[in-house]
Structure formats: structure tokens, C-alpha cells
Amino acid sequence: MIAGRIDPAACVACGLCERLAPALFRVILHRVAVLRLGPRIPASLEERAWWAAEACPTGAIHLSQVPAGGSEGEC
């Protein structure tokens, strides 16, 4: 499982993440993207999350592996 976060200072709300992975990302108020499902990303959406993170023009999307049985605070 992976965990994700968006750096609000780096996000320019271009909407690319939302177009690539609408189940995961949403741009709110044309200001910042947010994770729709919280920090833990379901296994079924991991590939889309990585695509969005790699495509983000400002590198605002940060993803990391969550150790088995760990919490998102450990990633």
C-alpha cells in the first residue's frame, strides 16, 4: 500500500492529477488539489497515483510505501 500527500505550497491547481486519476484527486476552489480518499491509496488505484505524481508539473504529489501493518505516519 502507498500513502500520498499534496504539498499545497507547490500545487498550482492545474487539474492534471484530477484528469489522470479522478477517483483519487480533486482540485478545490481552483487553488489546490486534494486526495479524495485520504492519505492511504487503495492498491487498485496505485498505478494511477504514480502516473499523476510523475506527471505533476510542480512535483506537488508525494507518494511513499506504507510498511505492512504501519500507519501513514510511518511513511
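Looking at region 27-48, can you tell me whether even one residue there is loosely packed, with under 14 Cβ neighbours inside 10 Å, of a type outside the set (A, V, I, L, M) and under 10 Å from the mean Cα position of the chain (by Cα)? Yes: region 27-48 contains one or more residues that are loosely packed, with under 14 Cβ neighbours inside 10 Å, of a type outside the set (A, V, I, L, M) and under 10 Å from the mean Cα position of the chain (by Cα). When Ser64 is tested against (1) free of Cβ contacts under 8 Å to residues at least 60 places away in the same chain; (2) surrounded by fewer than 17 Cβ atoms within 10 Å (Cβ to Cβ); (3) not charged (D, E, K, R), just one condition goes unmet, and that condition is (1). Consider Pro22 carefully, then state whether it is closer than 23 Å to Val66 by Cα and in contact with a Gly (Cβ under 8 Å, 6 or more places away or on another chain). Here the answer is no, as Pro22 does not meet what is asked.
Rule-based calculations on the coordinates, nothing more; no lab input. Keep in mind that what you see is a predicted model, and the values were worked out from it rather than measured. Here Cβ is always computed from backbone atoms with ideal geometry, including for glycine, and neighbour counts include all displayed protein chains.
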